[in-house]
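**Student:** Supplied in structure tokens, the structure appears directly below.
The values are calculated or read from the model by the stated rules, or taken from the named source; none is laboratory data. Everything numeric in this text was worked out from a predicted model, so none of it was measured. Quick reminder, even Gly has a Cβ in these numbers, built from the backbone with ideal geometry, and neighbours come from all protein chains shown. Protein only, heavy atoms only, side chains kept; ligands, DNA and RNA dropped before computing areas. Shrake-Rupley method; radii C 1.70, N 1.55, O 1.52, S 1.80 Å.
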Amino acid sequence: MNSYLEISRLTKLYGTTRALEDVNLRVERGNVLALLGPNGAGKSTLFGCLLGLTRRTSGNILFQGQPFTDAARARFGYVAERVSLYPQRTVAENATFFVRLKGQPVAEVEQQLERVGLQHARNRQVRQLSKGMLQRLGLAIALCGRPELLVLDEPFNGLDPALLDTLQSILCEENERGATLLISTHTMSAVEPLATHVAILLQGRLAASGTIQELRAKHGEGDSLEAIYHRIARQQHETEGVFA
Ligand code: ATP
């Protein structure tokens, strides 16, 4: 049977820089995958290839057994690490514009702004927003249209503890209604309660992947995700000289 998402032998070169090398990864519908790795490991590049924003050098990406189409991508929600919006326009104007651009119902904008706690700022210009508020606006836009796949690049950056809690709850709700989540992060303690699966990229190569239970059984029963991550990175460094 086909996986929901299947990445095979994915390689991406930027000139002579090997951002991704021979990455194989399967994601099933309803999984919450935490994509971990140090700076420059290739996490954003992998998301870029997946979403068609970055041209892959070689390899294949299949969605429900088929090559990706723009129609399939319209069912995805993406929150970039750096959210690009129109600074002079208001929160509500930006949200409406980008949701319409994605072909999603703008009627949902107010509800999603409320959900991420930005309703009170709906008439503020985007240039006046804090980093955390920008992150939330990006999320509100991505949530419109009930995406079946949500891809979040470093969603926990810049959030205070209360907002982090809100974001975790929202992501849980999205997963409970059936959405598959791909989350890249350095904040392992934040993703650990949500993640069903983990993939660890080190210098563009997949160093480990599996369910959290599988990784624990192999690399450290009872340990936190962060402890397991560091152990795998250290082992890789010792055997192959990969630095994490
Ligand atoms: P971070 O945790 O810092 O966000 P990351 O894991 O997302 O890092 P990527 O941004 O995917 O890593 O970068 C992987 C590699 O590809 C790095 O060596 C980076 O310098 C390189 N790279 C990324 N984008 C480009 C680009 N547009 N042109 C050239 N090299 C790039």
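**Student:** Tell me the relative contact order for region 1-52 as a rounded percent, counting alpha carbon contacts under 8 Å between residues six or more apart. Mind showing how you got there, number by number?
**Tutor:** Details: 58 pairs, mean separation 16.4, N = 52.
That works out to 32 percent.
**Student:** Please state the relative contact order of the chain as a whole percent: Cα pairs under 8 Å, 6+ residues apart?
**Tutor:** Values: 447 pairs, mean separation 60.4, N = 244.
Taking the mean separation of contacting Cα pairs over the length of the chain, I get 25 percent.
**Student:** Continuing with the same structure: Explain nothing, just compute: Karplus ³J(HN,Hα) = 6.51 cos²θ - 1.76 cosθ + 1.60, θ = phi - 60°, for every residue of region 209-215 in order, whole Hz, x for Gly and Pro.
**Tutor:** 7, x, 6, 4, 4, 5, 5
**Student:** Same structure, new question: Can you tell me which of 129-137, 69-77 comes out highest on packing, and rank the rest after it, using the mean Cβ neighbours within 10 Å? Intermediate values should be presented prior to the final figure.
**Tutor:** Values: 129-137: 20.1, 69-77: 14.2.
Top of the packing list down: 129-137, 69-77.
**Student:** Take the alpha-carbon centre of region 45-94, take the same for region 114-138, and report the distance between them in whole Å.
**Tutor:** Here the two parts' Cα centres lie 21 Å apart.
**Student:** Where a Cα-Cα gap under 25 Å defines reach, which lysines qualify for Lys12, not counting those fewer than 8 residues away within the same chain?
**Tutor:** Lys43
**Student:** Keeping every protein chain present and rolling a 1.4 Å probe, give me the accessible area per residue for the chain in Å².
**Tutor:** 48 Å²
**Student:** How large a share of the accessible area of region 36-179, in percent, is made up of carbon and sulfur atoms when the probe is 1.4 Å and the other protein chains stay in place?
**Tutor:** C and S atoms contribute 49 percent here.
**Student:** Divide by every residue of the chain the summed helix terms, -39500 (n - 2.57) for each DSSP H run of at least 4, and state the resulting mean residue ellipticity at 222 nm, rounded to the nearest 500 deg cm²/dmol.
**Tutor:** -10500 deg cm²/dmol
**Student:** Can you tell me the 0 to 90 degree angle between the C-alpha axis of helix 161-176 and the longest principal axis of the chain, rounded to 10?
**Tutor:** For helix 161-176, the angle is close to 80 degrees.
**Student:** With each label point set 7 Å from Cα along the Cα-Cβ vector, what nm distance links Asn123 and His230?
**Tutor:** Using points 7 Å along Cα→Cβ, the separation is 5.0 nm.
**Student:** Put a dot 7 Å past each Cα toward the Cβ at Glu110 and Glu173; how far apart are the dots in nm?
**Tutor:** Calculated label separation equals 1.7 nm.
**Student:** Also: Under the rule of at least 5 residues apart or a separate chain, name every residue whose amide H is placed under 5 Å from the amide H of Ala195.
**Tutor:** Residues meeting the amide H criterion: none.
**Student:** Percent of accessible area on region 185-232 owned by carbon and sulfur, 1.4 Å probe?
**Tutor:** 47 percent
**Student:** Now for a different question. Nearest 10 degrees, 0 to 90: what angle lies between the long axis of helix 225-240 and the longest principal axis of the chain (Cα atoms)?
**Tutor:** 40 degrees
**Student:** Same structure again: If contacts are Cα pairs under 8 angstrom and at least 6 residues apart, what is the relative contact order of region 104-244 in percent?
**Tutor:** The normalised contact order for region 104-244 reaches 16 percent.
**Student:** Give me the distance in nm between label points sitting 7 Å out from Cα along the Cα-to-Cβ direction at Arg100 and Ser84, one decimal.
**Tutor:** 2.0 nm
**Student:** Quick check for me: using +1 on Lys/Arg Cβ and -1 on Asp/Glu Cβ, what's the dipole size of region 200-244 about its Cα centre, in debye to the nearest 20?
**Tutor:** Rounded to the nearest 20 debye, it is 80 debye.
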